[in-house]
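Here, each number is a calculation from the coordinates, and none is a lab measurement. Computed from a predicted structure; not experimentally measured. For neighbour counting, all protein chains shown are included, and Cβ atoms are generated from backbone atoms with ideal geometry for every residue, glycine included.
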Amino acid sequence: MKPLVVDIHTHILPKNIPSFAKQFGYGGFIKLDHNCKGCARMLKDDVFFREVQENCWDPEVRLNESKQFGVDIQVLSTVPVMFSYWAKSEDALVVSKFLNDHLAEIVERYPKKFEGLGTLPMQDPDLAILELQRCRKIGLKGVQIGSHVNEWNLDAPELFPIFQECERLNMAVFIHPWDMMGANTMSKYWLPWLVGMPAESSRAICSMIFGGVFERLPLLRVAVAHGGGSFTSTIGRIEHGFNVRPDLCAIDNQFSPSSYLGKFWIDSLVHDQNMLNHIINMVGDDKVLMGSDYPFPLGELTPGELIKSMDWSVNKKEKVLGSNALNWLNGV
């Protein structure tokens, strides 16, 4: 029997995005310019950001492609550029509600094919908690958040109540890199995406470990995009730093970073068999989730292909392809 395949890392946009800049009276928001059939330009104000195809907004196209790829369930989340953490918090809430209602409508229309992760105005924790509660009421299984929130890393005490409420509501958390550190100084060669994104994922994990978030919220279900970024490759250095400079690293949590391996999930998007084996060895085969970054080119172009190519047991492949995702989403 074919194993269940769940892709926990897919991005979607509404086909038509309101002119938030006109609505709020200032710029910085994304809009779609449908300049040709089946494609659109993402514009930040009037500056070109990237081109997307209809599989970025049309659920029927996604369903057809998922069938071709052998994917049974896609977990939908917005494109991180839509987070709008930089905006006025009340305006970011409006954007979040618009995106979350769109996700919920698709999940309701295709309940066996899609699950949804909402977005929150994280710059205002009180509003974020209210929207988190609403996300649960409208049928979303969790939320996607950025690797930092403006000047706050994820250990910021201001953000802890949001994580606390995620744990209380049994809502999964998916951390995705965004607003990459150093992006302004490495504009050539696509380095923000190739270098900055992996660093952002490690930034998020280290902040939550050193800040004691995992320690204080042991039932919080967190998954991190792109195989955890550079974290699993540099855990030796991170552990060594903790041991030799506890005065700098162990100020908020006395437990070693390596003790948290296997306490959170990471996706399988590493593009390399050796690295996929490495992350399995680091966090365990029950803590890796199939994620493709569909429908973007830096993702896995045929979702699940790397996992299926591995010299693993059938049981191990089934866990990574699908059953682990159900445990993460549903808290079982």
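Rounded to the nearest angstrom and listed largest first, the equivalent-ellipsoid semi-axes of region 160-199 from its Cα gyration tensor are 32, 9, 5.
Let me make sure I get this right: for the chain, a, b and c are the square roots of the gyration tensor eigenvalues over alpha carbons, sorted descending. Under 1.5 in a/c it's rounded, otherwise prolate if a/b > b/c, else oblate. Which is it? Rounded shape, in that the Cα axes give a/c under 1.5. For the set Lys37/Lys112; Lys31/Lys97; Lys2/Lys141; Lys67/Lys97, the pairs lying more than 21 angstrom apart at their alpha carbons are Lys37/Lys112; Lys2/Lys141; Lys67/Lys97. Ordered by the number of other Cβ atoms lying within 10 Å of each residue's own Cβ, fewest first, Met1, Met197 fall into the sequence Met1, Met197. Please label the shape of region 200-260 as rounded, prolate or oblate, based on the square roots a ≥ b ≥ c of the eigenvalues of the alpha-carbon gyration tensor (a/c under 1.5 means rounded; beyond that, a/b larger than b/c means prolate, else oblate). Here region 200-260 falls in the oblate category.
Among the helices of the chain, none built from whole DSSP H runs has Cα atoms reaching 24 Å or more along its own axis together with a mean Kyte-Doolittle hydropathy of at least 0.5.
When the Cα atoms of region 71-174 are aligned to their principal axes, the ranges along those axes come out at 38, 26, 23 Å in descending order. Oblate is the label for region 1-139, because a/c, from the alpha-carbon gyration tensor with a ≥ b ≥ c as root eigenvalues, is 1.5 or above and a/b does not exceed b/c.
Tell me the relative contact order for the chain as a rounded percent, counting alpha carbon contacts under 8 Å between residues six or more apart. Contact order relative to length: 17 percent.
Applying the criteria of a DSSP loop state and at most 11 other Cβ atoms within 10 Å to the trypsin sites (Lys or Arg not before Pro) of region 1-86 yields Lys37. Each residue of region 150-159 was assigned a 3J(HN,Hα) from its phi angle through the Karplus expression (A = 6.51, B = -1.76, C = 1.60, θ = phi - 60°), giving 6, 8, 8, 7, 6, 8, 4, x, 4, 8 Hz with x at Gly and Pro.
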